[in-house]
1. Among the strands (runs of 3 or more DSSP E) contained in segment 78-169, which hold 2 or more residues that are open to solvent by 50 Å² or more (accessible area, probe 1.4 Å)?
2. Being closer than 21 Å to Pro117 by Cβ and of a type in the set (Ser, Thr, Tyr) is true for just one of Thr55, Thr74. Which residue is that?
3. Starting from segment 42-63, keep only residues that are closer than 22 Å to Asn95 by Cα and in contact (Cβ under 8 Å) with a residue 40 or more places away in the chain, then list their pairs with residues that are of a type in the set (A, V, I, L, M) and outside any strand (DSSP E or B) whose Cβ atoms are within a distance under 6 Å, requiring at least 6 positions of separation or different chains.
4. Please work out which one of (1) exposed (fewer than 15 other Cβ atoms within 10 Å of the Cβ); (2) at pLDDT 95 or above; (3) over 18 Å from the mean Cα position of the chain (by Cα) is the condition Thr51 fails and give its number.
5. Run down Thr251, Thr295, Thr226 and say which single residue is in contact with a Gly (Cβ under 6 Å, 6 or more places away or on another chain) and farther than 17 Å from Glu177 by Cα.
6. Taking segment 54-69, which residues are modelled with pLDDT of 95 or more and small (Gly, Ala, Ser)?
Amino acid sequence: TLGVDALAMYIGVNQFCSGGTTYVGSSAFVIRKTSVMGGGPVYVTAFHNLTGTPTGAGPFAPHGVDNDSASAATGYFLAADNAALGRLVLRRVENPGSAAPTLSADIGIAVLATASPIRVPHAGNLGGSNGHLDGGDDRIASARIVNGRLWAAHTIGVTDAGTASPTATRNAVRWYELQTLDGAPSVVQTGTIHSASGGASVNERHYWVPSITATAQGRTVIGFSTAGSQEFNNAAAAERLQDDAAGVMRTPSLLTASSSPYNPGSDPGSADRGRRWGSYSATSIDPCDNMTVWTLQQYADAAD
């Protein structure tokens, strides 16, 4: 992942060994911004083994946090906890523009219950459950600071009622607004974008692969992928305005109207993950006016 602010670039990674198949933990890299804006040399500080062990507590897929403030003096990584659901982990980066930045210990943030996403059925899928789309995992998929508040989103598995559950029937987008990042971080508001219809309904949509941004005027936009047992793969988005009720996004809108199945022969899928899809999207403010929002999502514009 990549985050950028006035002083540095923040790259978070998961590490794999044994031919790239065995997860061994996560790492974070802080790159002094001035060192890549000219002739170099590039200054990179690495922080390895952030979870201690492959199953230890700490940041899973740490996400560098974007911050457009010109006065930003502290950097951040945000992640889902590697060892526990319903918990986020924040890591602060002090002196990110210096030759010796430092990384804080884990700062835990308790959130509403979460659950791992499931594979996504889609109209016209072949190969049974292997042909479903990859629902990914619960990693933080997007993180951005606007006016001192950190907005983040990820995918979770939920029931028809929108409750996180290990027996989820669909995927949903969970989003957060966090405050007091330099003290004891807390949740200002949180919400879940999900379809409430019953199984096999034409409206039984999965929402996943989200990205989120907020404008200085108080508008929040989330873009994501959507599909369902009777719906093709599409791009969609939802928004809220500053005066909307806390924790509520307006009804999602489809941005595309695909009529094409997605069953590429190059990716037969697997019983545990399905066909590859994602794992990231992008939603960003236009720097020309600081109000227009752009979102980039995958969809199936033609067969396979």
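The values are calculated or read from the model by the stated rules, or taken from the named source; none is laboratory data. These numbers were taken from a predicted model, which means no experiment stands behind them. All Cβ positions, even for glycine, are placed from backbone atoms using ideal geometry, and neighbour counts span all protein chains on display. Just the protein is used for accessible areas: all its heavy atoms, side chains included, with ligands, DNA and RNA removed. Shrake-Rupley method; radii C 1.70, N 1.55, O 1.52, S 1.80 Å.
1. 87-94
2. After ruling out the rest, the residue left standing is Thr55.
3. Gly58/Leu50; Pro59/Leu50
4. Single failed check for Thr51: (1).
5. Values: Thr251 fails: in contact with a Gly (Cβ under 6 Å, 6 or more places away or on another chain); Thr226 fails: in contact with a Gly (Cβ under 6 Å, 6 or more places away or on another chain).
Being in contact with a Gly (Cβ under 6 Å, 6 or more places away or on another chain) and farther than 17 Å from Glu177 by Cα holds for just one of Thr251, Thr295, Thr226, which is Thr295.
6. Looking only at segment 54-69, we keep the residues that are modelled with pLDDT of 95 or more, and these are 54-67.
Within segment 54-69, Gly56, Ala57, Gly58, Ala61, Gly64 meet the criteria.
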